[in-house]
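The values are calculated or read from the model by the stated rules, or taken from the named source; none is laboratory data. Here the structure is a predicted model, which means the values were calculated and not measured. Using ideal geometry, Cβ is built from the backbone for each residue, glycine included, and neighbour counts are taken over all protein chains shown.
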Amino acid sequence: MRKILILCLLLVLAAAAWPVYVGVQVETALRDTRTGQLGGVLFHHSVADYHRDNYRARATTVLHVVGGGMDFDLHLDHRIRHRLLGAVVDTRLAARQNTADLPPHWRAALAQAQPRADSWLGLGGGVSSRLSTRPVQVAWTGAGAKNQDGRWLEIGAGQGGLSFSPERLVLSFDTETLRLYSGRASLLLDEFHYGVLVHPGPEGLYGRLPDYDLGLGAGRLSFQRDGRERFGAESLQMSAWQNSTLRQMNSLLRLRAKEVRSADLELEGLDLHLSALRWHRPTVMGFIQAWEGMASMELDPQARTGLVLGMVLDGLQQMIAHDPRVLGGISVNSDPDKWLRVRLDLGLQGDAERIATRPLEALDVALDLEVGRRLLEELDTLAGAPEALHTWLELGIDDGWIEVRDNELSSRLRMDEGRLLINDSDQTILLLALVFALGQGMF
């Protein structure tokens, strides 16, 4: 009986102490200053005030955003309810904000959106939130209506999510409508969605070049001017990812659309992809830093061009030993009479001395092109020069640059060890003549 009483007493003491323990752990996790960087924008989150009871707490935090032309603070109010293994947190914008540093359109957007977040804060410090916003309509200029010479932004009610831990950052947002008006032009997006998963880079930090997976898209995109659609797309999807080590990085970008249209042309089944493989990460970081430093300098155009060329050449000399490559491709339409297929494989071979002394021999290029005759005719009709197309095709076929099979035109370009082959025909003399002309400033 005594053992049972002692056990019950211990359980009562543990039950009484556990809320205090949870409260201390949650407070410690929330008080940890968090700093992150996405691109050139730096985020700094810190606690300004914290009051804790046994089962609940109140806190005020400050989110400082700097970079990309922005430098402002947002004050956030948190209502915290302790649970068994963490806390439920309700977050709102504080009623009192020092918005003097915010542009007027940012202040108006925040006032209308009234963003709120319902979060779960674990004992280990991880945060998972559900976000929601109200519709927003703000003007960038003093124009009073969308059809005047001003810029307007409209965003429908939106929802999203935010999850943060030392291992990953997840951010998502979707809304039914997004509209941007600029004078007589407008960009309309329906069923817009966005999501990004970011991992710390090889250094363990959310720095300048983190690893990420990005996806965004819209059910419908329409660019209009004077009330007429100039460009549109259906089921537009863009995805990108990047992963890296301390020495190398790989990136991929892919764009797909069920239909793409302009005022006079319609294409279906667009699929475009571009990959950068085995790029030397320290070189890329150095190039970014040098570019930012050069951008802050007042240089005449000729000196700026020379510096850029020098930076590119130096970067290529450092990267060539890692066998960097760029792979790309595009496909449009499924009808062979109207389709377009392009495949590109571009790389470097050799060593730094070769690219410095014999750069043409360092290039490894493979380009394949297939296009339907009807698509070419439609494009040329839009350009208003059908006779020029026929003349160009005849010259290309006679010179062996273009091969014809039924209603499909194709061409293959290869460049290896300084030699240029077009459809297996040696055109190295043409390449040398072009390089000489460029070197003499003829173009």
| message | Looking at the structure I just gave you, is Leu267 under 25 Å from Val170 (Cα atoms) and either of a type in the set (A, V, I, L, M) or assigned by TED's automatic domain parsing to the domain that holds Val332 (or both)? | response | no
| query | Within the stretch 179-211, which residues are among the aromatic types (Phe, Trp, Tyr) and either part of a loop (DSSP other than H, G, I, E, B) or under 22 Å from Thr283 (Cβ atoms) (or both)? | reply | Tyr206
| task | Determine the pairs where a residue that is within 8 Å of Val22 (Cβ to Cβ), located within the stretch 73-92, has a partner that is assigned to a strand (DSSP E or B) and of a type in the set (A, V, I, L, M) with Cβ atoms under 8 Å apart, the partner being 6 or more residues away or on another chain. | result | His82/Ala57; Gly86/Leu121; Ala87/Ala57; Ala87/Ile80; Ala87/Leu121
| query | Does any residue of the stretch 407-416 turn out to be surrounded by 12 or more Cβ atoms within 10 Å (Cβ to Cβ), modelled with pLDDT of 80 or more and of a type in the set (Asp, Glu)? | reply | yes
| message | Can you find, within the stretch 183-234, the residue that is nearest to the chain's Cα centre (by Cα) among those that are more than 30 Å from Phe164 (Cα to Cα) and of a type in the set (Asp, Glu)? | response | Glu234
| Quick check: is even one residue across the stretch 299-314 surrounded by 12 or more Cβ atoms within 10 Å (Cβ to Cβ), acidic (Asp, Glu), part of a helix (DSSP H, G or I) and at pLDDT 75 or above? | yes
| query | For the stretch 144-182, which residues satisfy the criterion of being closer than 30 Å to Pro202 by Cα, more than 19 Å from the chain's Cα centre (by Cα) and at pLDDT 90 or above? | reply | none
| field | Residue count, the stretch 230-247 (criterion: over 29 Å from Ser172 (Cβ atoms) and in a strand (DSSP E or B)) | value | 1
